[in-house]
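Below is one structure, written out as structure tokens; the observations come after it.
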Amino acid sequence: MKKTLIALAVATLPAAAFADVTIYGQLKGGIENVDAGGVNKTNVDDLGSRIGFKGSEDLGNGLKAIWQVESGFDIDGSNRQGYGSFASRESFVGLDTGFGKVRIGNLSTFSDSNMSVVNPWESASNALQLNAFTRDDVRVKNAIRFDTANYNGFQAAFLYGTKEVKNDVVRSDAALNEAQRETYNLGLSYENSGFFGKYQYIHQTPMTLVSGVQTQANDSHRLEAGYNANNLLVAVGYRNDRGDNTVTPLSFLSGVNVPVDGSKYKSQEYALTAAYTIGAFTPKFTYAQGAKVKIDGNTEPDSGYKQYLLGVDYQMSKRTVVGLQYGEVKADQAIFSNVADGSSAGNKLRGVGLNMVHSF
């Protein structure tokens, strides 16, 4: 009876109440076998499932109100993504003028929303996608972002994220790194006839740890360019990072990304991806490499990494894709372990994965 009354109530609402509202999302799941430090594990994992609601309202004179609420969830019930609240992914309210749009909320960096062509992989493991190279594909809380309209293939965006933790001295907790800094993000892109070039710059202000150490400001430059049309994808990537140790790839891969000193770190990385679609099949390959890190101008031994991935996607329908892939990361240090206490660590991380992605 209650369901009938609810259905009747919804039916009486004006159609305009539902106009310009879209429900969208992706369900991503996979089976992965990962070897780290000589310990082999097979997991059933969520690979980043999400659901979102978005819409707009025409305010007249070419002006629109725009909004979006997007949340992540784990279809395997593990809460691996750590999403504990509604609107945990990109969510905002804003205005679109036709010449550009401005939004406030929990907003993606330019690389997260407009780049990562060089990373066409789905996985829960660092071995099976370019998580290190694309580590700034994140969302910034308490942010405002302006995007220009598309002018003959050219677009630009600027994001500012406020400092969430307002006290002057904060503890050295990796989970608070983003909250302890102001973030400035500039993005530029050009696309024409399949050819593309994309650039991102991120600046994060320094912070003071409880030990009294003043960390470096972080500056990251990232570039992607290539061709993506006519069933062919060829993409190259380059990034250059300077700041405290949290900007380095091995810090990300090891999970030890807490700034512990006032030294200045510099790192460079390169990536290449190629894919070609033949009917419903898309074989693809990626190679990435991180050069040795410099600390206060001195090259640090055993501080680089190499990674390669090989796989194929099968397009079952317009909405459903199944993928099979193998990947390996070889670091110059023994930083990988499948054991909670960090024992049995090794310098290689290998993985084989079978995944399925359904978009709606």
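The values are calculated or read from the model by the stated rules, or taken from the named source; none is laboratory data. Computed from a predicted model, the values in this text were never measured in an experiment. For neighbour counting, all protein chains shown are included, and Cβ atoms are generated from backbone atoms with ideal geometry for every residue, glycine included.
Within the range 286-306, how many residues are in a strand (DSSP E or B) and surrounded by 14 or more Cβ atoms within 10 Å (Cβ to Cβ)? Final tally of qualifying residues: 8. Taking each residue of the range 115-128 that is under 22 Å from Phe196 (Cα atoms) and looking for partners that are modelled with pLDDT of 95 or more and of a type in the set (Ser, Thr, Tyr) with beta-carbon atoms closer than 6 Å, six or more apart or interchain, yields Ser116/Thr134; Val118/Thr273; Asn119/Thr134. Selection over the range 197-209 of residues that are over 16 Å from Arg181 (Cβ atoms) and either surrounded by fewer than 17 Cβ atoms within 10 Å (Cβ to Cβ) or hydrophobic (A, V, I, L, M, F, W, C) (or both) gives a count of 1. Scanning the range 238-272 for residues that are within 17 Å of the chain's Cα centre (by Cα), more than 28 Å from Asp341 (Cα to Cα) and either in contact (Cβ under 8 Å) with a residue 60 or more places away in the chain or part of a loop (DSSP other than H, G, I, E, B) (or both) yields a count of 3.
Residues in the range 24-61 that are without any contact (Cβ under 8 Å) to a residue 40 or more places away in the chain and under 20 Å from Arg145 (Cα atoms) were compared, and the one that is surrounded by the fewest Cβ atoms within 10 Å (Cβ to Cβ) is Glu57. Scanning the range 329-355 for residues that are of a type outside the set (S, T, N, Q) and crowded, with 17+ Cβ neighbours inside 10 Å yields Val329, Ala331, Asp332, Ile335, Phe336, Ala345, Gly346, Leu349, Arg350, Gly351, Val352, Gly353. Can you spot a residue in the range 132-147 that is small (Gly, Ala, Ser), farther than 21 Å from Asp20 by Cβ, in contact (Cβ under 8 Å) with a residue 24 or more places away in the chain and in a helix (DSSP H, G or I)? No; the residues of the range 132-147 include none that is small (Gly, Ala, Ser), farther than 21 Å from Asp20 by Cβ, in contact (Cβ under 8 Å) with a residue 24 or more places away in the chain and in a helix (DSSP H, G or I).
When Ser211, Ser193, Ser220 are screened for being hydroxyl-bearing (Ser, Thr, Tyr) and at pLDDT below 95, only Ser211 passes. Restricted to the range 34-111, the set of strands (runs of 3 or more DSSP E) holding at least 1 residues that are of a type in the set (A, V, I, L, M) and over 30 Å from Asn355 (Cα atoms) comprises 50-60, 63-72, 91-96, 100-108.
Note on the range 210-222: residues that are in contact with a Lys or Arg (Cβ under 7 Å, 6 or more places away or on another chain), assigned to a strand (DSSP E or B) and more than 21 Å from Asn126 (Cβ to Cβ) total 2. Close contacts from the range 315-330, counting a first residue that is under 8 Å from Asn355 (Cβ atoms) and a second that is acidic (Asp, Glu) and surrounded by 14 or more Cβ atoms within 10 Å (Cβ to Cβ), with Cβ to Cβ under 8 Å and a gap of 6+ residues or different chains, come to Val322/Asp313; Gly323/Glu122; Gly323/Asp313. If the condition is being in contact (Cβ under 8 Å) with a residue 60 or more places away in the chain and touching a Gly at 6+ places or on another chain (Cβ under 7 Å), then the range 274-306 contributes Lys284, Gly290, Tyr305.
Checking every residue in the range 94-111 against the condition of being among the polar types (S, T, N, Q) and in contact with a Gly (Cβ under 6 Å, 6 or more places away or on another chain) gives zero matches.
Condition check ((1) at pLDDT 95 or above; (2) over 30 Å from Gly346 (Cβ atoms); (3) touching a helix residue (DSSP H, G or I) at 6+ places or on another chain (Cβ under 9 Å)) across all residues:
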{"residue": "Ser85", "(1), (2), (3)": "no, yes, no"}
{"residue": "Asp96", "(1), (2), (3)": "yes, yes, no"}
{"residue": "Val102", "(1), (2), (3)": "yes, yes, no"}
{"residue": "Leu130", "(1), (2), (3)": "yes, no, no"}
{"residue": "Arg145", "(1), (2), (3)": "yes, yes, yes"}
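Screening Lys292 on (1) modelled with pLDDT of 95 or more; (2) under 27 Å from Gly353 (Cα atoms) shows it passes everything except condition (2).
With respect to (1) surrounded by fewer than 17 Cβ atoms within 10 Å (Cβ to Cβ); (2) touching a strand residue (DSSP E or B) at 6+ places or on another chain (Cβ under 6 Å), the lone exception for Leu309 is condition (1).
Just one of the listed residues (Thr97, Thr134, Thr109) is farther than 29 Å from Gly311 by Cα and of a type outside the set (Gly, Ala, Ser), and it is Thr97.
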